[in-house]
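Down below is the structure, laid out as structure tokens.
What follows is calculated from the coordinates using simple rules that are stated; it is not laboratory data. Predicted, not measured: the structure shown is a model, and the values here were computed from it. No Cβ is skipped: glycine too gets one built from the backbone with ideal geometry, and neighbour counts run over all protein chains shown.
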Amino acid sequence: MPYPPPPRTRSGPRRRSLLASAAGAALLAGCSAGPDSGDDGPSAAARARARAARDSRGLLDRYDAVLAAHPALADRLGPLRTQVAAHATAFAEGAPATAAATAGPSASATPVPAAEKDAVAGLAAAERALADRRARELLTVPGELARLLASVAAAGAAHAYLLTEGAR
């Protein structure tokens, strides 16, 4: 009994492979557009970065106001304030100059409570609210900014915990 001839093998890529490669290339090309590819002003990522820088500066102003009103808290709040200042700097580095310079509502306009415990509780609440807002914003920004927001949101949550637990 003779063996059937071997099936004809095609040389080169198959049609499905070519279609899948073309579709993948189109997706990659669409995903690799730069953050400022449009000419309609700053990109959404640049606006998010500028907003995060402004929020960090507002929180920094709030720390400064609490420290000015309650200098005895300097040892406890100093390291946290230093980290918030670093966060503001990190966000401002990539923000457009005009968007980073615009001043939003200042957190220092909030009066500082007379009792140290209440002032620290207010800082903890501000840290927690900002960390929550940044965590929600993670879904709307591109990779590197999302990583920075996640890191700063985690730090903010840790600050809120330290401020809350330290009062106990």
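Tabulated data for the structure shown
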read-out	value
Sites residue 125 and residue 82 - FRET efficiency at Förster radius 22 Å, r taken between beta-carbons, to 0.05	0.60
Potential extension, residue 158-residue 133 segment - 0.36 nm per residue separation minus Cα distance	7.5 nm
Local electrostatic count, residue 123, Cβ distance below 12 Å [Lys/Arg +1, Asp/Glu -1]	0
Peptides ranked, highest mean first, by Cβ atoms within 10 Å: ranges 127-136, 64-73	127-136, 64-73
Segment residue 75-residue 118, extension gain: residue separation times 0.36 nm, minus the distance between their alpha carbons	13.8 nm
